[in-house]
Amino acid sequence: MKTSRKPVIVSLVAVALLAFAASAQAATLTLKCSGKGPQSKAQEYSTAECTVAAGQKRNIEGVLRNDKNKPVAATLNVTFSKWIPQGEGSFAITPEKTIEIKSAANGKFKVPNVTTTTEETVFIEAIGDSDAELSPVSQEVNIQRYVTATAKKLGGGKVKVTVTGAATPFKIGITEEEGYFVSGGTARKASKAGTAVFNLGSQRGTFNIYIDAGELGDLYYFDPKSFKL
């Protein structure tokens, strides 16, 4: 019986193509935010995030590398999109403006003075350039207003909580680690200065700060500090 070599040849060709594809590289775009405040890198199923304190600004900095993994000078389009409330907790991410920036010969670039009063998405896209061996590549960063909360012990079981960056009016409360309000810690309206005083009596342990901004359209990153009594 004669055996055909055709399937074997086809298989060898397929293996060669897969090996070539595995060795090929695509352009990359890495991003970070300069200055103080939490940030996170992009993951497989999540967008990079960067926080900005109310009234402050941060820069988005990045490095562009071509298909050969070498830094490259190129043109990038940067689109700023607002998160516009649509009701019932939904939002329309709507482009508002696009600017053009360029990376230097070392691949570095900067989107300066990024700020937000709620949340916006910054979409950065490098335009493909065959002469520079650069295929199109893009990344995006969600920018959120940074809200912080700290507690100051006043003595006698009293605690003063100060929230910075939240849009008034809002409520402040104190919870146990499981998230339930403790005795004396039920949420109450914050002062115009963003403070509230609680009397926790003789309770001891680790406590968390809770805020209720009230407005579903007010997006922010809340970074409370736990405290102990």
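The values are calculated or read from the model by the stated rules, or taken from the named source; none is laboratory data. This structure is a prediction, so every number in the text was calculated from the model and none was measured. Cβ coordinates were reconstructed from backbone atoms using ideal geometry, including for glycine residues, and neighbour counts include every protein chain displayed.
Restricted to the stretch 33-53, and to residues that are aliphatic (A, V, I, L, M) and assigned to a strand (DSSP E or B), which residue is surrounded by the most Cβ atoms within 10 Å (Cβ to Cβ)? Of everything passing the filter in the stretch 33-53, Val52 is surrounded by the most Cβ atoms within 10 Å (Cβ to Cβ).
Could you tell me whether Ala166 is under 20 Å from the mean Cα position of the chain (by Cα) and either acidic (Asp, Glu) or surrounded by 15 or more Cβ atoms within 10 Å (Cβ to Cβ) (or both)? It is true that Ala166 is under 20 Å from the mean Cα position of the chain (by Cα) and either acidic (Asp, Glu) or surrounded by 15 or more Cβ atoms within 10 Å (Cβ to Cβ) (or both).
Against the test of being among the small types (Gly, Ala, Ser), surrounded by 14 or more Cβ atoms within 10 Å (Cβ to Cβ) and at pLDDT below 95, the options Ala132, Ala151 yield a single qualifying residue, Ala132. In the stretch 169-195, the qualifying residues are those that are small (Gly, Ala, Ser) and surrounded by fewer than 18 Cβ atoms within 10 Å (Cβ to Cβ), and the one that is nearest to Arg145 (Cα to Cα) is Ala193. When the residues of the stretch 167-216 are filtered to those that are touching a strand residue (DSSP E or B) at 6+ places or on another chain (Cβ under 9 Å) and of a type in the set (Phe, Trp, Tyr), which remaining residue is farthest from Gly157 (Cα to Cα)? Restricting to residues being touching a strand residue (DSSP E or B) at 6+ places or on another chain (Cβ under 9 Å) and of a type in the set (Phe, Trp, Tyr), the top hit is Phe170. For the stretch 78-127, what are the residues that are touching a residue at least 60 places away in the same chain (Cβ under 8 Å) and in contact with a Ser or Thr (Cβ under 6 Å, 6 or more places away or on another chain)? Matches in the stretch 78-127: Thr121 only.
Yes/no per residue for (1) closer than 25 Å to Leu219 by Cβ; (2) charged (D, E, K, R):
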{"position": "Gly37", "(1), (2)": "yes, no"}
{"position": "Gly55", "(1), (2)": "yes, no"}
{"position": "Gly87", "(1), (2)": "yes, no"}
{"position": "Lys97", "(1), (2)": "yes, yes"}
{"position": "Asn106", "(1), (2)": "no, no"}
{"position": "Phe123", "(1), (2)": "yes, no"}
{"position": "Val141", "(1), (2)": "yes, no"}
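For the stretch 54-101, the tally of residues that are over 21 Å from the mean Cα position of the chain (by Cα) and in a strand (DSSP E or B) stands at 7.
Among the residues of the stretch 94-114, those that are β-branched (Val, Ile, Thr) and surrounded by 14 or more Cβ atoms within 10 Å (Cβ to Cβ) comprise Ile101, Val111, Val114.
Among the candidates Glu119, Glu125, Glu177, Glu215, single out the residue that is at pLDDT below 95 and within 30 Å of Leu64 (Cβ to Cβ). Only one candidate passes the filter, namely Glu119.
Between Lys152, Lys158, which is in the same structural domain as Leu219 (by TED's automatic domain parsing), touching a strand residue (DSSP E or B) at 6+ places or on another chain (Cβ under 9 Å) and free of Cβ contacts under 8 Å to residues at least 12 places away in the same chain? One residue alone meets the criteria, Lys152. The set of residues from the stretch 89-142 being within 26 Å of Ala166 (Cα to Cα) and hydroxyl-bearing (Ser, Thr, Tyr) comprises Ser90, Thr94, Thr115, Thr116, Thr117, Thr118, Thr121.
Against the condition free of Cβ contacts under 8 Å to residues at least 60 places away in the same chain, under 25 Å from Trp83 (Cα atoms) and in contact with an Asp or Glu (Cβ under 6 Å, 6 or more places away or on another chain), how does Ala187 come out, does it pass? Criteria not met by Ala187.
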